[in-house]
Amino acid sequence: MMQETKGGVLQKRLAFSVIVLIAIIVVIGPIFAALSIARARGLESQQAEASKLASNVLVRADTVAKQFFDMHDALIKAHADNPCSESNIDLMRQLAFSSNYLRAVGFVAGNSLVCSSLGIQGNGLSIGNPDMITPKGVSIRKAVRLPIASGFDVRISEKDGYAAIMARDVALDIDTHTDGMLKGVFYLGGTELVTSNGNINPAWLDHLGSKQGVSFLDGDYVVALHRSPNYNLVAVVATPVVYLTQNVRKLALVMVPLGAVTALLLITVLVWIARHQTTMQTMIRTALKRHEFHLVYQPVIDLRTGRWVGAEALIRWRRINGEMIPPDIFIPEAERAGLITQITERVLELVAYDITHHFKSFKDFHVAINLSAADFGSDRIVGQLYRLLRTTGLAPGQLIIEATERGLINAEESRRIIRDIRSLDIGVAIDDFGTGYSSLSYLTTLELDYLKIDKSFTDTIGKDAAASHVPTHIIAMARSLKLQCVAEGVETAEQAEFLRTQGVRLAQGWLFSRAIPPAELAQKLRSMKSVISKMEDLV
Ligand SMILES: Nc1nc2c(ncn2[C@@H]2O[C@@H]3COP(=O)(O)O[C@H]4[C@@H](O)[C@H](n5cnc6c(=O)[nH]c(N)nc65)O[C@@H]4COP(=O)(O)O[C@H]3[C@H]2O)c(=O)[nH]1
């Protein structure tokens, strides 16, 4: 039974944790966003509502002021010698009757209401000192208790003796069901309130500046202010923030399900992406079960004689639908997913089969197998290679394993495993040399047999490239370390000739042959063998 590596399991756990974390963020994110939007929308709507109420208060305050000044102007115009004459009281009655906010109109002398639209008040009714006097000379008494209306206070505004008697909160009497709402009217030029129903903060007026209207959140209140275009008045309404919370709740009832639906959609997309990512891993697992992998072999040529002396086994994946997936794609994915050791195991099985069925008769021929980093993570590979030798009957030197620099990162363990592999008379090649980060000194600590010159360096041969001197250095270095060089990716005769003159004996590349199926390789080897033996007969 094939086992997944520990690294693969850890990687999966990590991926799962990341997906769960992202899912949580994805779920909480939209709901949080929905609530923030709901709050912002709630604030917006409460500000609009407060603004509407402030504008209503202003309309009333403006109308009251207009009716007051109209009354005053009419009585002044009448030029009555005696303000409390029968005819003037008649006029007062007409004015009170024709205005809807003035309950009565009267005449004040000193602090006494002498007469009014209600008649002559004997020696006059005391109405006390004014609470405020505006720059326009309007005296305002905010709450006066008159004997003719003993149950409630009235407001008396007076100018030049002519006074309007009104309901105490006439400007504030707007239709609203909002509990705890504060309403008021400021007289501009100070911060004094002409009227108010509660504790209005005078500092709120500062928010208005030169604007016509403004609304804002201040502590426990959503406040709105509106300036009168006709009088020096500013209406203010403050609604308790609790209404904002209620509005948020209402909006949240709509927004949260909306957020949840968005979250669900995002999770679906996330799961789709996660699935898509794991598809390759699942596909590899299925491919292993269905035996979709096979090997092709790229011949290794002796540059001195032109003979095919070995071959590198390269894995191929043909899916059941005929699609070919290149190793550059699935090998790194298998390495990431911890499936590479299972692939190596399959490669060893395939190599064993191919050797037994195709290459058994070629005794001076080697087969090279690619191993990955994970293969050097345990002794298991040594046992597997030993079994391969036993089942195929390969002679010493007929099997080579290729390890990349990156595959030998764990120096101590790799060194030990390499030593064990070499003790089985299996050759060890370092692949893609020069493309990793390992130092030359590290290389000298490993017991190796071959050094493969990477195609990227072979490509520079004969070119005016900055790296064109690298192959010469690698060859010299291999010689000093007593390693045999195998040049990879030879595509031109010029490259082959250069390598040969530099003393490189072995090479592979499309100049000689691409990777071919084992039966084809065996056929070629057979025909080459017969040509050689015929030539030897001739000599
Ligand atoms: N352009 C050009 N390319 C040439 C030439 N000669 C050879 N090649 C290609 O270069 C790659 C050489 O293999 P690699 O460096 O070990 O690089 C291999 C190796 O790292 C990995 N791989 C292949 N088979 C196995 C396997 O069985 N096990 C493991 N672990 N990795 C494998 O996949 C890589 C790619 O393999 P392939 O696609 O088969 O590609 C092969 C081969 O087809 C040439 O003259 N010109």
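The values are calculated or read from the model by the stated rules, or taken from the named source; none is laboratory data. No experiment lies behind these values; they were computed from the predicted model shown. In this analysis, Cβ positions are derived from the backbone assuming ideal geometry, glycine residues included, and neighbour counts consider all displayed protein chains. What goes into the accessible areas is simple: the full protein's heavy atoms, side chains included, and nothing from ligands, DNA or RNA. Shrake-Rupley method; radii C 1.70, N 1.55, O 1.52, S 1.80 Å.
Things to note:
- Span from the the stretch 285-310 Cα centroid across to the the stretch 129-173 one, whole angstrom: 109
- Contact order, relative form, for the stretch 94-252: 14 percent (alpha carbon pairs under 8 Å, 6 or more residues apart, mean separation divided by residue count).
- The angle separating the long axis of helix 340-354 from the principal Cα axis of greatest extent in the chain is about 30 degrees.
- Cysteines of the chain lacking any other cysteine Cβ under 4.7 Å from their own Cβ: Cys485.
- Neighbour cut-off at most 16 other Cβ (10 Å), DSSP loop, GluC sites (Glu not before Pro), the stretch 472-539: Glu491
- At an R0 of 51 angstrom, the distance between the Cβ atoms of Leu188 and Leu264 translates into a FRET efficiency of 0.40.
- Principal-axis tilt of helix 242-290 within the chain, Cα atoms, nearest 10 degrees: 10
- Here the stretch 473-517 and the stretch 187-207 have alpha carbon centers that stand 95 Å from each other.
- Selection of GluC sites (Glu not before Pro), the stretch 248-343, meeting DSSP coil and at most 11 other Cβ within 10 Å: Glu323
- The value of relative contact order for the stretch 291-538, using C-alpha pairs under 8 Å at least six residues apart, is 20 percent.
- Projected label distance in nm at Ile273 and Arg387, using a 7 Å step from Cα toward the beta-carbon: 4.1
- Counting only protein heavy atoms and a probe of 1.4 Å, the accessible surface of the chain is 57% carbon and sulfur.
- Loop trypsin sites (Lys or Arg not before Pro), the stretch 201-281, which have at most 14 other Cβ atoms in a 10 Å radius of their Cβ (DSSP): Lys211
- The chain: calculated mean residue ellipticity at 222 nm from DSSP helix runs of at least 4, using -39500 (n - 2.57): -15000 deg cm²/dmol
- Over the stretch 58-200, the pair-distance histogram of Cα-Cα distances with 10 Å bins from zero comes to 11, 43, 34, 10, 1 percent, rounded to whole numbers.
- Altogether, the Stokes-Einstein calculation at 4 °C and 1.567 mPa s, with the Kirkwood radius of the stretch 291-538 over Cα pairs as Rh, returns a diffusion coefficient of 69 µm²/s.
- Each Lys or Arg adds one and each Asp or Glu takes one away; over the other residues whose Cβ falls under 10 Å from the Cβ of Asp153, this sums to +4.
- In the stretch 291-538, taking the dipole from charged Cβ atoms about the Cα centre, the farthest positive-side position among Ile532, Ala467, Gly338 is held by Ile532.
- You can think of it this way: the chain between Asn100 and Ile76 has 6.6 nm of extra reach, that is 0.36 nm per residue less the Cα-Cα gap.
- When only the Cβ of Lys, Arg, Asp and Glu is charged (+1, +1, -1, -1), the dipole of the stretch 291-538 relative to its Cα centre reaches about 640 debye.
- Centre separation in Å (Cα based) which lies between the stretch 50-103 and the stretch 218-255: 31
- Subset of Lys289/Lys455; Lys455/Lys524; Lys52/Lys142; Lys455/Lys482 violating a 31 Å alpha-carbon distance limit: Lys289/Lys455
- If you plug the beta carbon distance of Thr356 and Asp464 into 1/(1 + (r/R0)^6) with R0 = 56 Å, you get a FRET efficiency near 0.70.
- Compared with the alpha-carbon gap, the fully stretched path from Val18 to His177 is longer by 52.1 nm at 0.36 nm per residue.
- With a Förster radius of 30 Å applied to the C-beta separation of Met528 and Leu424, the computed FRET efficiency comes to 0.55.
- Taking all Cα pairs closer than 8 Å and separated by 6 or more residues, the relative contact order of the chain comes to 12 percent.
- Paramagnetic reach from Ser85 in the stretch 117-131 [backbone N under 20 Å; point 7 Å along Cα→Cβ]: 117-122
- C-alpha long axis of helix 518-538 to longest principal axis of the chain, angle in °: 30
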